[in-house]
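Below is one structure, written out as structure tokens, with a few remarks after it.
Each value in this text was obtained by applying a stated rule to the coordinates, not by laboratory testing. Keep in mind it's a predicted model, so treat the numbers as computed, not measured. Methodologically, a virtual Cβ is constructed for each residue, glycine included, from the backbone with ideal geometry; neighbour enumeration extends over all protein chains shown.
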């Protein structure tokens, strides 16, 4: 699939009429928001200590206030002291002072995914330090555990009178980070296991969100295995699938009436990469069904923004360097079904063939 394609065609499978039924009891509108990678180490440590926890959000406060539940992927462990702690044998390892959990609170994050290729940079000590910091802050998390069974167990978040189940999986090396029967770590999905775990989560919640850390850095279109896993998730009851790791946006797809965002790129990430792209996605659910989605392109080039993700108006979208954003804008200009540019300056995405 060419990287320039933004909204992938609906995958083969059951017709829309055979989509998973709405969860019982979900009748009110609920807005779920998601962003990509969050990494608060490196250059950000000193900046946040000096400027305060709300510093990164100055330009997007109003956007972050929209979701009833905001989810992000936390890519570096919280650990107070790394002295003498064995680190992973890899090119880049990160750790964040535990007090910087205040940045996540300031951003309004209601849940975080931890299944990624950095959360065990400092082994079990860093993983446990992360659990402790998030638990003290009252921020639920998913995707890791003391063993495989716990890592693969969904987390339920109550918000807006609804119950949202969150599952998170890591499909990036090192494989030593993947939890085993006798080893702490991250969840790593198998086809059959994913199906069972999504079904189980659906029995315990009104909505199910599935997160994947996957693909390759800089890749703007999904790999075949991404589509396979995302479709398995939806086929078994996932209401929203979001991905990250490439540090750039990837294509989006409506499949069986559910939205798949293959990569939301970076959000607040301590690097000066000039090629990073990202976005904030919000999806409105009514009666357990997605009504529409809003994709807000963000400027996450820290050379320009100074580690403050910035809202970008349509006239500047071309300067972001994202093929996905460009393709979406072209689709909207051509009158493609389900893609509009809202007057407020974001992409409005509707399920194919809806009547709204």
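Here are some notes:
- Take every DSSP beta bridge whose two residues both sit in region 25-349; close to 55 percent of them are antiparallel.
- For the peptides 126-132, 233-239, the ranking by packing is 233-239, 126-132, with the highest mean count of neighbouring Cβ atoms within 10 Å listed first.
- Ranked packing of 262-268, 152-158, 140-146, most packed first, by mean Cβ within 10 Å: 262-268, 140-146, 152-158
- Kirkwood hydrodynamic radius of region 198-323, from inverse mean 1/r over distinct Cα pairs, in Å: 15.3
- Summarised as an ellipsoid, region 160-233 has semi-axes of 22, 17, 12 Å, derived from the eigenvalues of the Cα gyration tensor scaled by 5 and square-rooted, with the largest first.
- Spread of Cα-to-Cα distances over 20 Å intervals beginning at zero, given as percent, for region 25-349: 35, 60, 5
- Gyration tensor verdict on region 58-110 (Cα atoms; rounded if a/c is under 1.5, prolate if a/b is larger than b/c, oblate otherwise): prolate
- If you plug the beta carbon distance of residue 216 and residue 85 into 1/(1 + (r/R0)^6) with R0 = 45 Å, you get a FRET efficiency near 0.95.
- Our summary gives the chain a relative contact order of 20 percent, counting only alpha carbon pairs under 8 angstrom and 6 or more residues apart.
- Linear extension gain, residue 181 paired with residue 46, 0.36 nm per residue minus alpha-carbon span: 44.7 nm
- For the pair residue 132 and residue 153, a Förster radius of 30 Å applied to the C-beta separation gives a FRET efficiency near 0.95, rounded to the nearest 0.05.
- Theoretical gain in end-to-end length, residue 326 to residue 225 [0.36 nm per residue, Cα-Cα removed]: 33.9 nm
- Percent of C-alpha pairs per 5 Å bin, region 265-356, short to long: 3, 14, 23, 21, 16, 12, 7, 3, 1
- Residue 146/residue 336 FRET efficiency (R0 45 Å; Cβ-Cβ; nearest 0.05): 0.45
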